[in-house]
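Report on one structure; see the data block that follows.
The values are calculated or read from the model by the stated rules, or taken from the named source; none is laboratory data. Keep in mind that this is a model prediction, so the values were computed, not measured. Backbone-built Cβ (ideal geometry, glycine too); neighbour counts: all protein chains shown.
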Amino acid sequence: MALLSACSTINKLQPDREAGIKNANENSFDCFIQKMDGSLEHFSSLKLVTGIFITPYLLADGKIKINSAEIKAYQNQDHYAISDKLLGTGHRSKVAVEALPGFAVRIAKGPLNVYCKKYFNGAKAVDELFLQYGDNGKIFLYSEAFITRLVKDHPEALECLNNKKLNQLSKKLQAMAEIINRDHPMTKN
C-alpha cells in the first residue's frame, strides 16, 4: 500500500522544476526582502538584474537597487531564496542563474524544506542541495547519511529516493519532501 501511495505521489509531482519552485513560495503575490537585522521590507515587484560587467542585484519596484550583501533572504514573483550565510556550508557561488549569486532557491516547503543553489564546477553550473527540517531548523548540505536518518520513519519517502523513474536528485528530494510534509502538516503555533 505504501509503495502504491509513493508511486501515485511521484506521478502527481510536477516534472517542471520551476513549478516546484513556484509552489515553494511563501505567497506567490508577496515580494519582500529580509534584511540582515531580520526586518522585512515589502515591494510590489522584485526583479533579478544580471548582465555583462555588472554585479547582479535586485531591483525593487523598478527603481530601488538592492545588493546581495544587504539581505539574507528574499522572495520575488518566481521564488523564495536564502543567502549562503544561512547555509553555512557548501561551495562558494558567483552564479546568478535564477537567484542572486550564492543564494539558494527553495524548491520544497513545509516541515521539510529543500533548497537548491547553483555553482560553477569548472565546466557548467550545477545544483547543490540543502535540507532543513522546520522553518527555524539548521540547514544541512545534502548527504546520504542525513537523508537516511531523516526518512527512517517514512518508508514512502525512502521509496522516492530509490525510484529509478526520477533521474534527478532534486526531483527525488521534492517527491520525498511532499510525502514528509503531507504526513506532518505545518502548524502556525
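Observations, loosely collected:
- In this entry, GLU128 is excluded by the filter for residues that are within 21 Å of LYS35 (Cα to Cα) and not small (Gly, Ala, Ser).
- Which numbered condition SER170 fails, given (1) within 29 Å of PRO56 (Cβ to Cβ); (2) of a type outside the set (D, E, K, R); (3) surrounded by 20 or more Cβ atoms within 10 Å (Cβ to Cβ): (3)
- In region 101-145, of all residues being in a loop (DSSP other than H, G, I, E, B) and under 10 Å from the mean Cα position of the chain (by Cα), the one that is surrounded by the most Cβ atoms within 10 Å (Cβ to Cβ) corresponds to PHE103.
Residues checked against (1) small (Gly, Ala, Ser); (2) surrounded by 13 or more Cβ atoms within 10 Å (Cβ to Cβ); (3) at pLDDT 70 or above:
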site	(1), (2), (3)
ALA24	yes, yes, no
ASP37	no, no, yes
LYS47	no, yes, yes
GLY51	yes, no, yes
TYR57	no, yes, yes
GLN77	no, yes, yes
ILE82	no, yes, yes
LYS94	no, no, yes
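- Among residues that are aromatic (Phe, Trp, Tyr), modelled with pLDDT of 95 or more, on the phi < 0 side of the Ramachandran plot and more than 19 Å from the chain's Cα centre (by Cα), PHE43 is included.
- Residues (more than 19 Å from ARG106 (Cβ to Cβ) and out of contact with any Leu (no Cβ under 9 Å at 6 or more places or on another chain)) located in region 145-169: ALA145, ARG149, ASP153, HIS154, LEU158, ASN162, ASN163, LYS164, LYS165, ASN167
- Test for ILE107: is it more than 14 Å from VAL49 (Cβ to Cβ) and either at pLDDT 90 or above or not acidic (Asp, Glu) (or both): yes
- In region 37-84, counting only strands (runs of 3 or more DSSP E) that sit wholly within it, the ones holding 1 or more residues that are of a type in the set (Gly, Ala, Ser) span 57-60, 71-75, 80-82.
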